[in-house]
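The values are calculated or read from the model by the stated rules, or taken from the named source; none is laboratory data. Keep in mind the model is a prediction, meaning the values are calculated, not measured. Here the Cβ positions follow ideal geometry from the backbone for every residue, glycine too, while neighbour counts run over all protein chains shown. Just the protein is used for accessible areas: all its heavy atoms, side chains included, with ligands, DNA and RNA removed. Shrake-Rupley method; radii C 1.70, N 1.55, O 1.52, S 1.80 Å.
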Amino acid sequence: MHSLRETEAVFFDLDDTLYDQLAPFQRALDHFRIDLANTNVEELFKKVRYFSDVLWKVHTRGEISLELLRIERVRCAFNDFGLSLSNQQASEVQERYEFEQQQINPFPEVISIIKDLQSRKSTVGILTNGPVQHQMNKIKALQIDQIIPPERIFISDGIGIAKPDKRVFEYVQRQVNIESNKCCYIGDTWENDVVPPIEAGWTSIWFNHRKREPQSNHIPLKTIMNYDNFMLKLP
């Protein structure tokens, strides 16, 4: 498949793809008035995401609890910037971050894009890593549960397979009963959202609004930095 216009199914990642995950992180830091005068908060956040992905693999092997993963990703990210946080401080930042994630809004264009894709008879859904209730709370906060039916929302802990394992994409493809070459995935991280769908026979659109570098020779159908005029820019 060479065009998204030929797809029959479009699935989105959730975190930092349907909403700006940096915003609640920034509000959590502001709450504690942490001195970050010489620190680029977006780069710090990208480090948190990096350690989250690294530690997620450890978590899926049963070697670290989800609670400890969330504390360690914050502590390790701060440490990389020469900022020392105790486990207790990291836990408090994480707890506030989770609270702020209940006050999120989708990127301005997201709702209209989903509705436009649905109007074209595409199957539209979400595929995300994480605990079921935690991720559903965010989906409900975004009010996306009002336009995407529950049978089109796939969460790793509910499936038993997580990205970057390509089998999670094969599972979703079987559930919607659409050929893999007619499925497309849109997400922000290279390792989780570009590589595995391509290896599962899907196409991928890389939502690279954090301006990361590719990590392999995989080629997404398209790379976008924002959703402005998304439907008009479809290949």
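If you find the alpha carbon centre of the range 139-208 and of the range 104-123, how far apart are they in angstrom?
16 Å
Helix 41-60: angle to the longest alpha-carbon principal axis of the chain, degrees 0 to 90, nearest 10?
70 degrees
Take the solvent-accessible surface of the protein heavy atoms, probe 1.4 Å, and return the percent of it on the range 94-235 that carbon and sulfur atoms account for.
Carbon-and-sulfur percentage of accessible area, whole number: 45.
Over the chain, what per residue volume does the convex hull of the Cα atoms give, in whole Å³?
So the per-residue Cα hull volume is 121 Å³.
Let me spell out the model: positive unit charges on the Cβ of Lys and Arg, negative unit charges on the Cβ of Asp and Glu, origin at the Cα centre of the range 107-235. What dipole size does that give, in debye rounded to 20?
The calculated dipole for the range 107-235 is roughly 220 debye.
Compute the FRET efficiency between Glu213 and Glu98 as 1/(1 + (r/R0)^6), taking r as their Cβ-Cβ distance and R0 = 30 Å, and round to the nearest 0.05.
Calculated transfer efficiency: 0.55.
Could you please tell me the mean projected area of the C-alpha convex hull for the range 1-86, averaged over all directions and given in square nanometres to one decimal?
With the hull built on Cα positions only, its mean projection is 8.3 nm².
Roughly how many Å² is the accessible area per residue of the chain, as a whole number, for a 1.4 Å probe?
Each residue of the chain exposes 48 Å² on average to a 1.4 Å probe.
Could you point to the residue in Ser86, Leu29, Val168 farthest towards the positive end of the range 23-181's charge dipole, with +1 and -1 charges on the Cβ of Lys/Arg and Asp/Glu respectively?
So the residue furthest toward the plus end is Val168.
Report the dimensions of the range 128-235 along its three principal axes from the alpha-carbon atoms, largest first, rounded to Å.
33, 28, 24
Only four residue types carry charge here, +1 at the Cβ of Lys and Arg and -1 at the Cβ of Asp and Glu. Report the dipole size of the chain about the Cα centre in Debye, rounded to the nearest 20.
380 debye
What does the extension gain come out to for Asn229 and Leu83, with contour length at 0.36 nm per residue minus their alpha carbon separation?
48.6 nm is the gain from fully extending Asn229 to Leu83.
Would you kindly state how much longer the chain becomes between Asp145 and Lys57 on full extension, computed as 0.36 nm times their sequence separation minus their alpha carbon distance, in nm to one decimal?
Full extension of this stretch gives 28.9 nm more.
Only helical DSSP H runs with n ≥ 4 go in: add -39500 (n - 2.57) per run for the chain, normalise by residue count and round the 222 nm mean residue ellipticity to 500 deg cm²/dmol.
Result for the chain: -13000 deg cm²/dmol, rounded to the nearest 500.
Could you tell me how many degrees, from 0 to 90 and to the nearest 10, lie between the Cα long axis of helix 66-80 and the main elongation axis, the longest principal axis, of the Cα atoms of the chain?
Here the helix axis deviates by roughly 70 degrees.
Which angle from 0 to 90°, rounded to the nearest 10, does the C-alpha axis of helix 87-100 make with the longest principal axis of the chain?
40 degrees
For the chain, give me the percentage of DSSP beta bridges that are antiparallel, rounded to the nearest 5 percent.
5 percent
Structure shown: which of Lys46/Lys121; Lys57/Lys115; Lys163/Lys222; Lys57/Lys121; Lys47/Lys166 lie over 28 Å apart, alpha-carbon to alpha-carbon?
Correct reply: Lys46/Lys121; Lys57/Lys115; Lys57/Lys121.
Rounded to the nearest 20 debye, what is the charge dipole size of the range 9-82 about its Cα centre when +1 sits on each Lys and Arg Cβ and -1 on each Asp and Glu Cβ?
180 debye
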